[in-house]
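Visitor: For reference, the structure I am asking about is given below.
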Amino acid sequence: MAVFKVKRTDIDFSGDDIHRFLPWLIGVMACLTALLLCLTVSINGWIETRHSDYSSSFTINIPTSAKKPETVTKVIETVKAAEAVAKVEEVSDAALQESLKNWLGSGDISALPLPTVLEVTLKSDTADNFNHAALKQKLTAISPAIEVDTYEQWVAAFANFSSIVQLLMVALAMIIIVAMAAAVVFTSRTALKLHARSVALLHSIGAEDNYITKQFQQDTFFLVLPGLVIGVVLAGAIYWGCGQYIATIPVSVFPSLEMRSGHWIVLMLIPLICSIGSGVVARYAVLNQLRRTL
C-alpha cells in the first residue's frame with residue numbers, strides 16, 4: 001500500500017523554532033476565523049427564517065372596547081374573504097396570559113381585561129404582495145379601534161441590526177486572516193535570513209530564485225496545514241457543543257447553531273484556502289526579499 005510522503009526540500013527547515021511556534025499560532029487564528037464565519041452563516045439563516053415567518057403572517061388586535069361577539073365574527077369573515085389568506089385563528093385567553101407572564105411576572109393575571117387577538121397566516125405564494133393597507137381600511141370601517149400588526153418595522157430593524165453584526169464578524173474574520181498572512185510573511189523572511197548560507201550555496205550551483213522560493217512555499221504549506229486542520233476541527237467541536245447547549249434553552253430569541261451544509265462548507269474551505277494562500281504569500285515574500293538582497 002502506497003503511503004503519502006511529503007517531498008523533502010533541499011533546505012533543512014526542521015531545526016527552526018518557527019516549526020514549533022507557527023502551527024499553534026495558525027491553529028488559534030483558524031479556530032477564531034471558523035467560529036466567526038460559522039456564526040455569520042447561522043445568523044444569515046436565522047434572518048431568512050424570521051423574515052419568512054413574519055412576512056407570511058400578521059396579527060389583528062381587537063381591544064376590549066370593541067370586543068363584541070358580532071364584531072369579532074365580522075372581522076373574521078372579512079379577513080377570510082381575502083383570497084391570499086390561508087387561515088385565521090383566535091388566540092386563546094390562556095395563551096395570552098401565558099405570554100404576559102414574561103412581562104408581568106407569575107402573579108394572578110386572570111382578572112386582567114384581554115383583547116381578542118387573531119393570528120392570520122397568508123398563502124406562501126402571495127405573502128409578499130398582500131395589500132395590508134386595504135385590509136386595514138376594511139377593518140377600520142368595522143371598528144376604528146382595531147389594529148393590524150404586520151411586524152414590518154420590527155422586521156426591518158431586526159434585519160438591519162443583524163446585517164451590521166454579520167458585517168462586523170466578517171470584518172473581524174478578515175482581520176484575523178490578514179494577521180495570519182502577516183505572520184507567514186514575517187516567518188518566511190526570518191527563515192530566509194536563517195538559511196542565507198544554504199540559499200547562497202544553491203545560487204552558487206545554479207539554482208534560480210523561483211526554485212528557491214518553491215522550497216519556502218512548500219515548507220510553509222505543510223507547516224500551516226496541520227495547524228489549520230486542528231484549529232478548524234476544534235472550532236467545529238466548540239460550535240457543535242454550543243449548538244447542543246442552546247437547543248436546550250426554551251427561548252426562541254437565540255439563533256439556532258445547528259450544524260448545516262453551510263457550516264461544513266466553511267469548515268472545509270478554511271484549511272484549503274488558507275494553506276494555499278499561505279504558500280503563495282510565502283513564495284512572493286521570499287521572492288521579493290531575494291530580489292532586494294541578491
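The values are calculated or read from the model by the stated rules, or taken from the named source; none is laboratory data. It should be emphasised that the depicted structure is a prediction, and the values quoted were computed from it without experimental measurement. In this analysis, Cβ positions are derived from the backbone assuming ideal geometry, glycine residues included, and neighbour counts consider all displayed protein chains. Only protein heavy atoms, including side chains, enter the accessible area calculation; ligands, DNA and RNA are left aside. Shrake-Rupley method; radii C 1.70, N 1.55, O 1.52, S 1.80 Å.
Visitor: Scan segment 184-233 for residues that are free of Cβ contacts under 8 Å to residues at least 40 places away in the same chain and assigned to a helix (DSSP H, G or I) and jot them down.
Guide: PHE186, LYS193, ALA196, ARG197, ALA200, LEU201, SER204, TYR211, VAL233
Quick grid of which residues meet (1) small (Gly, Ala, Ser); (2) not in a helix (DSSP H, G or I):
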position: PHE130; (1), (2): no, yes
position: ALA133; (1), (2): yes, no
position: LEU139; (1), (2): no, no
position: VAL148; (1), (2): no, yes
position: ALA157; (1), (2): yes, no
position: VAL165; (1), (2): no, no
position: VAL170; (1), (2): no, no
position: ILE175; (1), (2): no, no
position: ALA181; (1), (2): yes, no
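Visitor: What number of residues within segment 179-233 are open to solvent by 60 Å² or more (accessible area, probe 1.4 Å) and among the β-branched types (Val, Ile, Thr)?
Guide: Matching residues across segment 179-233 total 4.
Visitor: Look through segment 88-106, keep the residues that are open to solvent by 100 Å² or more (accessible area, probe 1.4 Å) and closer than 26 Å to LEU122 by Cβ, and return whichever of them is modelled with the lowest pLDDT.
Guide: Across segment 88-106, the extreme among qualifying residues is GLU98.
Visitor: Can you tell me which residue in segment 234-252 is farthest from CYS38 (Cα to Cα), limited to those that are open to solvent by 60 Å² or more (accessible area, probe 1.4 Å) and in contact (Cβ under 8 Å) with a residue 24 or more places away in the chain?
Guide: Checking each candidate, the answer is LEU234.
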